[in-house]
There are 2 protein chains.
Amino acid sequence: MSRSCCGIEDAPLAPGDVARLERLAELARALCDPTRLAILQMIAANREPLCVCHLTDRLPVSQPTVSHHLRILREAGLVVTERRGTWAYYEATELGRAALHALSHLMLEPATR
Amino acid sequence: MSRSCCGIEDAPLAPGDVARLERLAELARALCDPTRLAILQMIAANREPLCVCHLTDRLPVSQPTVSHHLRILREAGLVVTERRGTWAYYEATELGRAALHALSHLMLEPATR
């Protein structure tokens with residue numbers, strides 16, 4: 001507690017609030033890279049699970065970099081994967097589609113009061 | 001272009017797409033820290049512009065850290081500020097409120113297909 005503009009003392013954040021904000025920040029962290037967003041967008045745009053080779057084909061980054069981004073997307077629950085022979089296929093989860101939709105929708109908001 | 005699972009060659013991402021994804025990633029980056037989210041949440045929860053002293057009172061971080069986060073939120077267009085005498089007051093923009101709402105809403109989505 002410290003001196004404030006009006007003398008009112010504020011209670012610190014509750015532990016439940018802290019845990020919730022940490023989960024939200026984790027989600028935002030999974031979305032905070034343009035290459036990762038491009039990968040999520042390509043996967044979500046496909047009706048069928050998308051083969052990893054179609055990602056590496058379209059992006060100006062190496063295959064290990066694509067794999068790194070896919071791991072982060074998978075750990076955040078934004079995509080799921082299955083292996084078919086030589087190739088891994090990726091599909092967006094409901095959370096992944098919703099996250100992409102929400103973020104895209106925000107771009108329509110004016111940055112004013 | 002490289003060998004793919006089906007032999008189909010994919011076109012690279014369009015420059016317009018790249019610019020859009022960079023802006024989305026920038027927005028996600030402004031939201032990817034729990035302390036920054038806590039600050040945005042406190043500001044957005046207040047009907048009136050909120051004095052910076054009420055932020056430093058409630059958070060277990062130093063005043064310069066709070067200032068650092070406020071600068072990032074301001075630069076991303078999520079909050080606006082005005083000075084009244086000794087204190088700076090902060091208000092959430094429409095974009096800031098929408099971003100917080102969108103992110104909170106995502107927590108209700110199941111991380112399944």
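The values are calculated or read from the model by the stated rules, or taken from the named source; none is laboratory data. What you see is a predicted model, and the numbers here were worked out from it, not measured in a lab. Glycine also receives a Cβ, built like all others from the backbone with ideal geometry; neighbour counts cover every protein chain displayed.
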Residue among B:Ala38, B:Ala25 that alone is free of Cβ contacts under 8 Å to residues at least 60 places away in the same chain, under 20 Å from the mean Cα position of the chain (by Cα) and over 17 Å from A:Ala30 (Cα atoms): B:Ala38
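Residue-by-condition table, conditions (1) under 23 Å from B:Arg97 (Cβ atoms); (2) modelled with pLDDT of 85 or more:
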residue	(1), (2)
B:Ser4	no, no
B:Gly7	no, no
B:Leu13	no, no
B:Val18	no, yes
B:Leu24	yes, yes
B:Leu27	yes, yes
B:Met42	yes, yes
B:Arg47	yes, yes
B:Cys51	yes, yes
Segments classed as helices (runs of 4 or more DSSP H), wholly inside the range B:1-91, with at least 3 members that are buried (at least 18 other Cβ atoms within 10 Å of the Cβ) and more than 8 Å from every other protein chain (Cβ to nearest Cβ): B:34-45, B:63-75
Given (1) basic (Lys, Arg); (2) in contact with a Phe, Trp or Tyr (Cβ under 9 Å, 6 or more places away or on another chain); (3) modelled with pLDDT under 90, number of the condition A:Arg83 does not satisfy: (3)
Within the range B:56-74, considering residues that are in contact (Cβ under 8 Å) with a residue 24 or more places away in the chain and in contact with an Asp or Glu (Cβ under 9 Å, 6 or more places away or on another chain), the one farthest from A:Pro15 (Cα to Cα): B:Ile72
